[in-house]
Structure formats: C-alpha cells, structure tokens
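Presented below is the structure to which this report refers.
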Amino acid sequence: MLGEKLVTLRKKYGYSQQEIADMLSVTRQTISNWECGQGAPSLDKASELARIYKVSLDDLVKNDVEITVGEKKEKDLHVLKKLIGKRCCLDCRDWDLMLADEAASDLSGALEVRILDVNEEWIKIEYERRKEGTIFQKETVVKLVDLSLIAGLRTEVTAVW
C-alpha cells in the first residue's frame with residue numbers, strides 16, 4: 001500500500017523517480033524499490049517525502065488511508081477549513097476515480113462524509129461504505145482526496161433561536 005501511495009503522489013506532482021531520489025539523496029533504484037514494495041523509507045526519508053507531497057506522515061504510511069488524485073485547480077480554503085469535523089455532502093467531478101473499487105450506483109449524486117482535515121492540496125474525509133462481500137455490514141473509510149476532484153460541498157444549516 002505504501003508503494004502505491006508513493007507512485008500516486010510522485011505522479012501527481014509530476015516528478016520522476018530520479019528527481020525524488022535527488023531530493024532525498026538516495027538512488028533512483030531505492031525509490032523504485034520503495035514503490036514496488038521491496039523495502040520502505042527510513043523515518044527521516046518518509047518524513048521528507050510527506051513534506052514534499054504535502055501530506056502528513058501518518059497519511060503517507062497508514063494502510064487505512066486511501067489516496068485519490070485528479071488534476072490541479074486552485075481552491076479557496078477558508079470555508080473548507082471551517083468545515084473540519086463537520087458532516088456534509090460531497091459532490092465529486094469524477095465518481096469513478098473517487099470511488100475506484102466502490103459501486104457508484106449506491107450514490108444519489110453526493111456522498112455524505114465527515115471532513116477530517118484540509119490543506120492546499122488535499123481534503124481528508126471519512127465515510128461509511130458497504131463492506132465488500134456483505135449486504136448489511138459497513139466499514140469506515142478514511143480517504144485523502146485531491147481537492148481538484150471536489151466539485152462542491154453541501155451542509156445542512158439549521159437555525160436555532
């Protein structure tokens with residue numbers, strides 16, 4: 001899983017294996033080995049990779065965080081940052097890419113998520129999906145999504161006075 005994340009992130013930023021190797025002062029073969037799952041970066045190298053890719057070290061190395069990328073677009077983050085910890089409906093530009101192995105037919109145009117974190121590149125979300133091979137069991141998914149895939153967010157506002 002770490003290897004797949006490293007490939008995805010490197011390609012998102014348009015780096016070659018050699019460019020990443022030069023940034024980390026390692027060989028291109030070392031980067032290739034990490035991406036193929038034949039070894040893993042040391043803590044200091046993993047930390048540097050997280051900084052380069054603008055993700056947390058936890059999000060980079062934890063197997064329960066998936067990464068989905070799209071093409072780069074500028075976003076105004078001040079509203080998104082106020083939604084951290086809140087539930088909202090997420091509208092995505094490309095459901096096939098966003099959900100990858102999940103059935104998009106379960107969706108009615110939007111996905112209810114809880115926003116866990118936001119930065120200039122990523123939105124970290126949590127949602128429930130039907131557990132593979134079951135009808136009634138659900139599992140919680142944590143996903144790091146490229147902001148360019150987000151078409152919009154809808155929150156339910158209730159006035160209380």
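The values are calculated or read from the model by the stated rules, or taken from the named source; none is laboratory data. All of these numbers come straight from a predicted model, not from anything done at the bench. Cβ atoms come from the backbone with ideal geometry, glycine included; neighbour counts cover every protein chain shown. To get the accessible areas, we keep the full protein, side chains included, count just its heavy atoms, and leave off ligands, DNA and RNA. Shrake-Rupley method; radii C 1.70, N 1.55, O 1.52, S 1.80 Å.
Does the range 31-66 hold any residues that are open to solvent by 40 Å² or more (accessible area, probe 1.4 Å) and outside any loop (DSSP other than H, G, I, E, B), and which are they? Talk me through it step by step, then tell me what you get.
The initial filter retains those residues of the range 31-66 that are open to solvent by 40 Å² or more (accessible area, probe 1.4 Å), namely 33, 36-40, 42-45, 47-48, 51, 54, 56-58, 61-64, 66.
Correct list: Asn33, Leu43, Asp44, Lys45, Ser47, Glu48, Arg51, Leu57, Asp58, Val61, Glu66.
Mind listing whichever residues of the range 113-128 are surrounded by 16 or more Cβ atoms within 10 Å (Cβ to Cβ), of a type outside the set (Phe, Trp, Tyr) and outside any loop (DSSP other than H, G, I, E, B)?
Scanning the range 113-128 gives Val113, Arg114, Ile115, Leu116, Asp117, Val118, Ile123, Lys124, Ile125.
Would you check if there is a residue in the range 43-58 being among the aromatic types (Phe, Trp, Tyr), in contact with a Leu (Cβ under 6 Å, 6 or more places away or on another chain) and either modelled with pLDDT under 85 or within 17 Å of Leu147 (Cα to Cα) (or both)?
yes
Pick from Asp101, Asp96, Asp76: which is under 18 Å from Asp146 (Cβ atoms), modelled with pLDDT under 90 and assigned to a helix (DSSP H, G or I)?
Being under 18 Å from Asp146 (Cβ atoms), modelled with pLDDT under 90 and assigned to a helix (DSSP H, G or I) holds for just one of Asp101, Asp96, Asp76, which is Asp96.
Anything in the range 129-144 that is of a type in the set (A, V, I, L, M) and either open to solvent by less than 50 Å² (accessible area, probe 1.4 Å) or modelled with pLDDT of 85 or more (or both)? List them, or say none.
Result: Val141, Val142, Leu144.
Since Tyr15 meets every condition but one in (1) in contact with a Pro (Cβ under 9 Å, 6 or more places away or on another chain); (2) hydroxyl-bearing (Ser, Thr, Tyr); (3) at pLDDT below 95, which condition does it not meet?
Every listed condition holds for Tyr15 apart from (1).
For the range 1-30, which positions are assigned to a helix (DSSP H, G or I), open to solvent by less than 70 Å² (accessible area, probe 1.4 Å) and in contact with a helix residue (DSSP H, G or I) (Cβ under 7 Å, 6 or more places away or on another chain)?
Scanning the range 1-30 gives Leu2, Gly3, Lys5, Leu6, Val7, Leu9, Arg10, Gln17, Ile20, Ala21, Leu24, Thr30.
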